[in-house]
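Visitor: Got a structure for you, questions after.
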Amino acid sequence: MSNQQQEQSQDESKTKKPPSTLPKAMEKRVSLKWVTMQALDAAVSRMKAQGGQARVTVLTAYGRITGELQEIQSSYAESFEKQENGTYRPDLASMVTHLRSEMLRRFEEEEKQLEIVDTAPILSLKDVEVAQVGQSPLRLPQLTLFADQVIGFTVEELPTLH
């Protein structure tokens, strides 16, 4: 192999992406609602950097849901958050997301023509309050909401940007 071929081969190996952890049936599917929720997460992060409030409110047909956005962890092993008392609190949304991907990969091995009928993107919130008109609010440590249930969203407090 010539030096030029070796350099080209090395360049190609550097630019190759690592294999996706997503099942093949999900690799090229995108939900605009999911992209919007990701953009909301990015906007909240930027507002927090400017001293803004971290809590978001989403409106659903059921009612108003308020909480802090929580990211899906990059692996199942990272789906546990260490608490101050030394115990670990599971991040259910992350756990379920990774288990769902594992299950889909197994289904793909059995059925090569597997086709997903919806993308089912999720929104994970922690320190949640669920309120419905005329009802006492329900407080939950965590809530996973399917993004297609979101009608609208806002943040509790918009910071004044300088």
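Quick note: the coordinates plus some simple rules give every number you see, no bench work behind them. Because the structure is a prediction, the values reported are computed rather than measured. Every residue, glycine as well, gets a Cβ built from its backbone with ideal geometry; the counts of neighbours run over all protein chains shown.
Visitor: At 7 Å along Cα-to-Cβ for each site, give me the label-to-label distance between Leu140 and Ser75 in nm.
Guide: If labels sit at Leu140 and Ser75, their model points lie 2.9 nm apart.
Visitor: Grab the Cα-Cα distance for Lys82 and Ser31, subtract it from 0.36 nm times how many residues apart they are, and report the gain in nm with one decimal. Walk me through the numbers before you get to the answer.
Guide: Details: separation 51, 0.36 × 51 = 18.36 nm, distance 3.18 nm.
This chain segment gains 15.2 nm when fully extended.
Visitor: Further question: Report the local net charge at Glu102: Lys and Arg +1, Asp and Glu -1, summed over other residues whose C-beta lies under 12 Å from its C-beta.
Guide: Working: positive: Arg100, Arg105, Arg106; negative: Glu108, Glu109.
Cβ neighbours under 12 Å give a net charge of +1.
Visitor: Oh, and also: Along Cα→Cβ, 7 Å out, is where each label goes; now give me the distance between the ones at Glu111 and Glu157 in nm to one decimal.
Guide: 5.0
Visitor: Still on this model: List the relative contact order of region 24-155 as a percent without decimals, with contacts defined as Cα pairs under 8 Å and 6+ residues apart. Provide the component values of the computation, followed by the final result.
Guide: Details: 184 pairs, mean separation 43.6, N = 132.
Taking the mean separation of contacting Cα pairs over the length of region 24-155, I get 33 percent.
Visitor: Hey, what does the equivalent ellipsoid look like for region 24-155, semi-axes from the Cα gyration tensor as sqrt of 5 times each eigenvalue, largest first, whole Å? It would help to have the intermediate numbers written out before the result.
Guide: Values: eigenvalues 149, 74, 48 Å².
Semi-axes (√(5λ), whole Å): 27, 19, 15.
Visitor: According to a simple spin-label model (label point 7 Å from Cα along Cα-to-Cβ), what is the distance in nm between Ala42 and Lys126?
Guide: 2.3
Visitor: Further question on the same structure: Taking other Cβ within 10 Å of each residue's Cβ, how do Ile65, Ile116, Ile151, Ile122 sort, fewest first?
Guide: Result, fewest neighbours first: Ile151, Ile116, Ile122, Ile65.
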